[in-house]
Every structure is written in structure tokens, then in C-alpha cells.
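One structure below.
The values are calculated or read from the model by the stated rules, or taken from the named source; none is laboratory data. If you're wondering where the values come from, they're calculated on a predicted model, not measured in any experiment. Cβ atoms come from the backbone with ideal geometry, glycine included; neighbour counts cover every protein chain shown. For the accessible areas, the whole protein counts, side chains as well, though only heavy atoms, and no ligand, DNA or RNA atoms are used. Shrake-Rupley method; radii C 1.70, N 1.55, O 1.52, S 1.80 Å.
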Amino acid sequence: MPLSECTRACASLARILTIIDSTSNQCYVVGGFVRDSVLGREPQDIDIVVPGDAFALAERIAQELGASFVPLDQQRGIARVVYSPQQRAQAGMDGEAAQALVIDLSRREGSVEDDLARRDFTIDAMAVPVAAVMSCLSGRGITGEAIIPHVLDTMGGLRDLEDGIIRACTPDAFDDDPGRLIRAVRLSRELGFTVEPHTESLIRERAHLASTVAAERTREELLKLLSMANAADGVRHLDRLGLLTSVIPELESCRDVEQPTVHFWDVLEHSFQTITTYEFLTGQADWRYGNEEMLEFLPLDPACRAYLAAAVSQDSTRDALIKLTCLLHDIAKPQTKSIDDAGRARFLGHPKEGAVLAGDILKRLRFSGQEIAFVETLVTHHLRPSQMSDEGMPSSRAVYRFFRDTGNVGIAVLFFAMADYLACRGPLFTMAEWRLTCQLTDFILREQERQENMVAPSQLIDGHELMRALELEPGRTVGILLEAIKEAHAAGLIHSKAEALQLARRTIESEHSTVRTSK
């Protein structure tokens with residue numbers, strides 16, 4: 001729950017905490033809420049441990065407030081209360097809140113000190129009595145200054161927060177829950193902290209356990225990591241610790257696979273570099289070979305930025321999925337590698353085979369169908385922008401067919417292709433080549449806009465008119481003719497219904513189609 005929400009959520013949160021505190025004075029707010037409050041960051045989660053039946057308490061809260069009850073883990077006694085803005089408004093609380101208030105309650109085993117010792121990292125192993133949080137809410141609000149005097153810190157979390165360190169609570173922390181392995185890296189990137197050396201050693205030793213983590217949790221952590229700026233550094237950190245190839249073992253075969261001289265790096269390093277160059281082009285990271293002059297040629301207007309930032313699912317954006325594609329786009333190069341007569345490496349068919357392999361990886365990691373389709377389309381067509389013309393700018397037909405085949409992923413393909421070019425050439429790129437790459441992207445975007453403005457508002461002929469005029473029966477032929485008419489219209493080759501019919505007749509004659517008519 002962002003701090004900006006705290007004021008709007010005071011009534012709801014205070015009411016929930018009052019119900020919780022009435023059951024016992026041994027209930028504590030723990031974990032990320034305490035950590036982020038101390039740091040002055042926006043808390044995203046409210047986790048509360050209670051000495052009794054968390055399930056029964058969550059059900060009571062939901063019933064009394066008209067909120068939603070979500071059972072998370074009955075065996076371990078973990079339940080969730082979700083109080084939506086609409087529910088809060090109906091109850092006369094927090095009427096202008098924009099986000100749901102989400103509180104997780106879990107049954108505490110043993111003392112609160114025992115509970116904290118079983119947590120993942122010291123900075124998450126701090127607790128504040130519920131009554132103290134209520135006091136802060138009724139005073140100056142949830143701030144670090146207000147919270148710190150009430151913090152129960154048995155594991156040294158406050159010291160590690162001050163020092164900017166991620167430290168495992170116990171040597172068994174990762175054996176107890178391997179999901180903490182990737183989370184350590186993600187937290188270090190999110191907070192700008194350093195994973196302390198002994199904890200890093202524990203992670204390297206237990207890295208193989210990352211493959212045993214529930215796929216949904218791994219997906220969530222990867223998407224959080226990729227959603228950050230400088231995500232390439234986080235991915236490299238995963239690789240150094242052995243975590244990246246534990247969860248995506250297919251990447252190991254890409255390591256040290258040499259490429260033709262047009263490439264500066266091997267396949268795996270090129271994949272890492274592509275994340276960096278994409279982030280450089282979108283203003284999320286620096287690139288050691290990049291400069292401001294390069295960005296001046298980039299056709300990245302506000303509409304394109306909004307497109308890249310748009311959500312694909314509840315958890316992912318196009319931006320995060322493009323970074324994931326940067327990592328996976330050449331995944332099939334090892335299996336498609338061959339050496340031609342001149343001794344040069346070739347990777348024939350790697351985009352199509354790579355799309356299949358990337359899709360299999362994402363299915364295994366429980367990505368949604370929409371997310372998988374987005375990445376598969378990107379991988380399949382990632383070389384296409386550079387192949388749309390032998391020299392000069394592509395034809396109107398080529399642009400039309402590109403967007404016909406890529407759909408709403410087309411713009412992502414264009415920006416990915418620019419990043420791929422830079423990651424291919426590395427320090428060998430030239431400004432002349434880069435300017436041509438940007439001009440190509442700009443031309444394709446402008447041509448697409450022209451075609452949309454011309455074709456979308458004015459369909460020259462529909463299927464019924466076409467069947468009547470040419471005495472055709474419904475079927476595949478009608479669809480083929482309509483597509484040919486649309487393409488020619490977009491290319492500016494025809495402009496009227498009469499010309500559309502002439503094209504349809506010529507198409508039938510040239511293809512020598514056997515067309516059934518109504519006669």
C-alpha cells in the first residue's frame with residue numbers, strides 16, 4: 001500500500017487493526033511493511049502474525065467490513081483480506097482510495113522472536129505491535145521516525161537497513177524456502193543493497209534448488225526484476241550466482257557459442273547486452289558504448305513510450321516482456337548452428353525454432369497465453385525489420401505485411417530490432433549504420449500510420465459485395481481476395497470499389513483458381 005494511500009486508508013486500516021488487536025495484544029505487523037516504513041519507501045504489503053487462528057480472524061474481518069476473504073494456505077494458517085476501493089466507499093470509508101487494501105494474516109508458531117528467526121532476511125525480520133501501528137495512524141502517520149521506537153529487532157535488521165545489506169537470517173534460510181534465492185537478488189536490486197558475502201556463498205551453494213521453486217513464484221520474481229531499470233545487471237547477478245541457468249537451463253548451451261564476425265559477443269553475452277541496449281534506448285540504463293547523440297536519432301515519441309509501458313497482463317508490461325525476449329531471442333542458436341563452406345557460422349531457422357523453445361520455457365514458468373504469444377511473435381520476427389528491403393526503405397506492401405503478421409507486437413519488434421543491432425555490433429557499430437537503422441524504424445512507423453489513416457476509415461468493398469459482384473460462394477477464396485484488396489489499398493495502388501473488383505478478377509485469373517460460383 002503506497003504511503004500516498006495511507007491517509008486515504010486510515011479509516012479502513014485502523015478498523016481492521018482494531019479488530020485484530022481486540023483478539024490479542026500479541027499480534028504484530030511484520031516484514032516488508034516495517035522495512036519499507038523505516039526506509040521511507042511505499043509499503044506494498046501488510047503482513048500480520050497472530051497467535052491464534054488466522055483463518056477465523058480473516059473471515060471475521062471480511063464479514064464485519066464487507067471485504068473479501070481469500071484463503072491462501074489453510075495448512076500453514078495463512079489467509080488474506082482484500083478491501084477494494086468500492087467496498088470501502090460503500091462502507092463510508094476511504095471513498096477516494098484508488099487501490100485495494102490487502103492484508104495477509106498468518107498463524108504464529110511459537111514466540112514472535114521464533115517467528116522472526118525463521119524469516120528470510122534480517123531486514124524482513126522485524127516486527128511492530130499492531131497497537132503501535134494504530135498509534136502511528138492516529139498521530140503523524142506511518143513514518144520511519146514514528147515506527148522505529150516500536151520495532152522489535154532481534155536479528156539486526158535495523159543495522160543492516162542502515163548499512164544497505166541483504167543478510168540471510170540463518171544458514172538454513174534457503175533450504176527452508178528456495179524461493180528466497182531469486183528474491184535475494186531482486187530485493188538487492190530493488191533497494192540498491194548489497195548481498196553480504198556469506199549470504200552470496202549460501203546462494204551459490206543452493207542455486208540448484210531454484211529449479212524446485214513453484215513456477216508461479218519464479219515468474220513473479222523474474223517479472224519484478226525485469227520491471228526495474230538496469231534489469232540487465234540483475235540478470236547478470238542471477239547468472240553469477242548460478243540461479244539464471246537453474247531456472248532456465250536452456251541458456252547454458254548459449255554460453256561461449258561463437259558467432260560470425262558481424263557479432264562482437266558470443267550468444268549468451270549478446271543476449272545480456274541486448275537487455276542493456278534496449279534499456280539504453282528507453283532511458284532506463286546507460287550503455288558503455290552509447291552517447292546522447294545516438295538518442296537524438298531515435299524515433300521514440302510519447303505514443304511509443306506509452307505503448308511500451310502498457311500492461312500485457314496484471315503482472316507484466318510490454319517493456320518487461322521485451323527485456324525477457326532480449327534474454328531468450330537467440331535461445332535456439334546452439335541447436336541451429338552450422339558452418340558454411342567459407343568457415344562462417346550460420347544459424348538458419350533460429351528465429352522460428354527459438355520462438356517454439358521460448359514458448360516452452362514460458363509455459364513451464366506459468367506465463368499466461370497472452371504473454372507467451374507476445375514473446376513468441378517477437379522472437380519469430382526479430383530479424384524481419386532488417387530484411388524488409390535489400391536497399392533503401394521497404395515498400396508499402398512490405399510494411400503492410402509486416403504489421404499484418406506481427407499485429408500489435410509490431411512496434412515492439414521494431415524497437416527490439418534496434419537494440420539487437422547495437423548488441424550485435426557493440427563497439428564496432430558506426431553512427432552511419434545507426435542513423436540508417438533509426439531512419440528505417442521511423443519510415444516504417446510513419447508508413448504504418450499513413451496506411452491506418454487511409455485504410456481504416458474507408459473499406460473499399462466488403463465480402464457480401466464481392467460475392468455478389470463476382471458470383472462467389474462463401475469460403476476461403478473470399479478472404480484471400482479481401483486481404484489482397486486491403487493490401488493494395490494500403491500500398492496506394494487502388495482507390496475505388498471498381499479498382500478493387502478489377503484487382504479481385506485479376507487475382508482469380510492469375511492464380512487459375514477453381515472458384516465455385518452461385519450458378
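Just a few scattered comments:
- Cα gyration tensor shape of the stretch 234-391, rounded if a/c is under 1.5, else prolate or oblate by comparing a/b with b/c: rounded
- Value in Å of the Kirkwood radius, where the stretch 30-96 supplies the Cα pairs that are averaged: 13.3
- Alpha-carbon geometry of the chain: the Rg and the Dmax are 28.4, 90 Å, given in that order.
- Classification of the stretch 1-147 by its C-alpha gyration tensor yields an oblate form. The axis ratio a/c (a ≥ b ≥ c) is 1.5 or more, and b/c is at least a/b.
- Per-pair calculated FRET efficiency, R0 = 41 Å: Arg76 and Ser253 via Cβ, rounded to 0.05: 0.60
- Computed across the stretch 154-205, the Kirkwood hydrodynamic radius from all distinct Cα-Cα pairs reaches 11.1 Å.
- Between the stretch 99-117 and the stretch 39-59, the alpha-carbon center distance in angstrom: 5
- Near Ile46, the amide H atoms lying under 5 Å from its own belong to Asp104; only residues 5 or more places off or on other chains count, and H is placed 1.01 Å from N.
- Scanning the chain for DSSP H helices at least 27 Å long along the axis (C-alpha atoms) with a Kyte-Doolittle mean no lower than -0.5 picks out 3-23.
- Added length on full extension, which subtracts the Cα-Cα distance from 0.36 nm per residue, Glu293 to Asn408: 38.5 nm
- Computed E for Arg476/Thr18 - FRET, C-beta separation, R0 56 angstrom, nearest 0.05: 0.25
- Share, in percent, of DSSP beta bridges within the chain that are antiparallel, nearest 5: 75
- For the set Leu493, Leu481, Leu152, the ranking by accessible area, highest first and with no ligand, DNA or RNA atoms included, is Leu493, Leu152, Leu481 under a 1.4 Å probe.
- Whether the stretch 220-279 is rounded, prolate or oblate, judged on the alpha carbon gyration tensor where a/c under 1.5 counts as rounded: oblate
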